[in-house]
Structure formats: C-alpha cells, structure tokens
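Since the structure comes first, as structure tokens, the remarks are kept for the end.
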Amino acid sequence: MKIYLDGKLVEKEDAKVSVFDHGLLYGDGVFEGIRAYNGRVFRLREHLDRFYNSAKAIMLDVQMSKKELESAIIMTLNANKLKDSYIRLVVTRGVGDLGLDPMKCAKPTIFIITDKIKLYPEEYYANGLELITTPMRRNVPDALNACIKSLNYLNNILAKIDATRAGVPEAILLNSAGYVAECTGDNIFIIKDNALITPPSSAGALEGITRGAVMELAKNKLKLLVREELFTTYHLYTAEECFLTGTAAEVIPVAKIDGRIIGDGKPGKVTLKLIKEFKELTRLTGVPIYEK
Ligand code: PMP
C-alpha cells in the first residue's frame, strides 16, 4: 500500500511522522474522510472546500492549492489501483517544539491514506440501528465549533465509548442546551409530517457532505419539505422515521433509540427511497480517476 506523505508516495511501513508533530502532541490539525465509487471521487470539491475552511478556521496554511491536493488524491488512488475506496486526507500543524505555539511549526505535514472501504454489516441497513443518547454533551460551538473537522476527536470518542459499553454501534450527542446535535461520526435526521428535519450546524453538527446531498435529494427528488431545526429527544422518540448519514455509513436507518421503537421499528419508506437515490447519485456523479 502506497501512502502520500509530504509530496511523495511511500510504502505504508515508511509512512511515519515525528513525535514532535503537533498533530500528535496536541491534535492540532484537520482532516477529511472522502469516498471513491467505481472510479469517481464523490463530492471531492465539497470535501476540499470543507478541508480548507477547517484549516482557515484554525489558521493553518495548507501550503498546497486545492488543485494540487486533488491531483495528489487521484495519484494516490491510482498508485494503489483503487476504484472503490475510503480516502483519509490529513494536514497537521507540523513539527514544532514541546510548547503549544503553532507559529513555531514551520511546515504542515500532509498525508493521504487510500484504503478499502470497511462497510457496516448489511443487517444494519436491513433492520435499522439501535442507538443511545450519551450523557456526554457535544462541544459548545463557542469553544470548539463542530464545523471544524479537527484532529481532536476526544468529544466524539468519549461518546463512542458510551455506545460500545451499551452494546450499540453509535451514540447521539445532545448539546449543552439539551437539543440533539449529531452522532459520533454521523449526522442525524428525522421524518415528521412529510418533512425531513436535521439539526442546524449551530446546534453542534458537522456540515456533513452526505447530509447536504441527502437534503438536496429529499427536496428535489422526493419533494419533501427540508428543515434545519432544533429538536429534543422527545422528537426523536416520536419520529415517524429516523436515519443517519455519513461518508462511510452513507444513509442508514435507525430502528430504536434509548429503548423506544422508532415508527414501526423497520427502515421507513422515505429512508428507503433516500437510500436508493443516494446510491444512484454516488454511482453517476463524482470526479473521475484517470489511469495514468
Ligand atoms: N459528524 C461527524 C462528527 C463526523 O465525523 C462525520 C463524518 N466525517 C459526519 C458527521 C458525517 O459527515 P460526512 O457526510 O461529510 O462524512
């Protein structure tokens, strides 16, 4: 397996970063999780836009243009002969001293890992997920905004530990005001009275690329009302349908939350239609990977 690291393709065994890298010492950096389907990178421009916005928010100069990064991603996919892949793009503040000061880090570290995609088991899609809400609150936006896809995922990891301890694959995080924010690695949606509702990013949700695609499909293809709105666990428990979205999970139904059965406990009609539309979109669109 070849890894892109600071301008070069290297073997996996040689893809190493310094123990003085601030990405490791302080979680100082940002990343993206991107996916390629059948030789096309899905919504690559949107992922790169989000990546550069995350970097800008933490005042990290990537020192590469979007075009250069796009070429690096495609080159890495081609080097590994991958047509279907999960792509991890990471930029860290780079090597510095043991202090916090990012200004002492001269050059960012950039790497790209392209790997086979590990999917959730098929039964989750067929039967729907069981979720819990965790006592862990989502980071408040005035401390660390959820829109920044930073390397500091401890907030999410602590919630993931709660999910695993409860024997379920994902946990729902509420924000400090008690409104639903998102899951540890996925956005959340409910269906109520012919409307598709998801928390706004100001509630503590990442502006997911899959979330955006699903909102477009719901509006344009399914003619649903789509609203970004605050809601509570009551609205989750009494929703007609509920599903999660994410680059790895795609669109995945939810059957049970905190012991309450959602709708009739099976993947809902609207959810199933959105899964079909999303599959079609990933099959037909995206930036092509040209073999060199
Ligand atoms: N929320 C969080 C916290 C995430 O880590 C992710 C996955 N990157 C998502 C939502 C879903 O975002 P996307 O659809 O862009 O993968």
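Points worth noting:
- Estimated FRET transfer efficiency when R0 is 35 angstrom, pair Ile157-Lys81 (beta carbons, to 0.05): 0.60
- In a simple Cβ point-charge model (Lys, Arg +1; Asp, Glu -1; nothing else charged), segment 122-282 has a dipole of about 120 debye relative to its Cα centre.
- Across segment 122-282, Cα pairs under 8 Å and at least six residues apart give a relative contact order of 25 percent.
- Segment 2-115: radius of gyration and largest Cα-Cα distance (Dmax), Å: 14.0, 45
- For a label point 7 Å along the Cα-to-beta-carbon line of Tyr26, residues of segment 131-165 with backbone N under 18 Å: 143-145, 148-155
- Taking the number of Cβ atoms within 10 Å of each Cβ as an exposure proxy, the fewest-first ranking of Ser176, Ser201 is Ser176, Ser201.
- Fully extended contour minus Cα-Cα distance, from Asn53 to Ala166, at 0.36 nm per residue: 37.2 nm
- Between Met64 and Asp264, the modelled label-to-label distance comes to 5.0 nm, taking each label 7 Å out from Cα in the direction of the beta carbon.
- Note that the chain shows a convex hull volume over its alpha carbon atoms of 132 Å³ per residue.
- In terms of Cα atoms, the Rg and Dmax of segment 155-292 work out to 15.1, 54 Å.
- Note on the chain: dipole from Cβ charges, positive end direction compared against Ile191, Ile275, Asn156; the farthest Cα belongs to Ile275.
- Listed peptides 26-35, 132-141 by packing density, highest first (mean Cβ within 10 Å): 26-35, 132-141
- Simple spin-label estimate for Asn38 and Leu144 gives 3.9 nm between the two label positions (7 Å along the Cα-to-Cβ direction from each Cα).
- Spin-label pair Thr232/Lys12, simplified geometry with 7 Å Cα→Cβ offset, distance in nm: 4.9
- Sites Leu272 and Lys107, calculated FRET efficiency, Cβ-Cβ separation with R0 41 Å, nearest 0.05: 0.25
- Normalised contact order of segment 2-115, rounded percent, pairs of Cα under 8 Å and 6 or more residues apart: 38
- Distance from segment 34-104 to segment 216-272 (C-alpha centre basis), Å: 30
- Placing a label point 7 Å from the Cα of Thr285 along the Cα-to-Cβ line, the residues of segment 215-236 whose backbone N sits under 16 Å from it are 215-224.
FYI, it's all coordinate maths here, none of it is from the lab. In this text, all values refer to a predicted model and were calculated from it rather than measured experimentally. Note: ideal-geometry Cβ built from the backbone for every residue, glycine included; neighbour counts use all protein chains shown.
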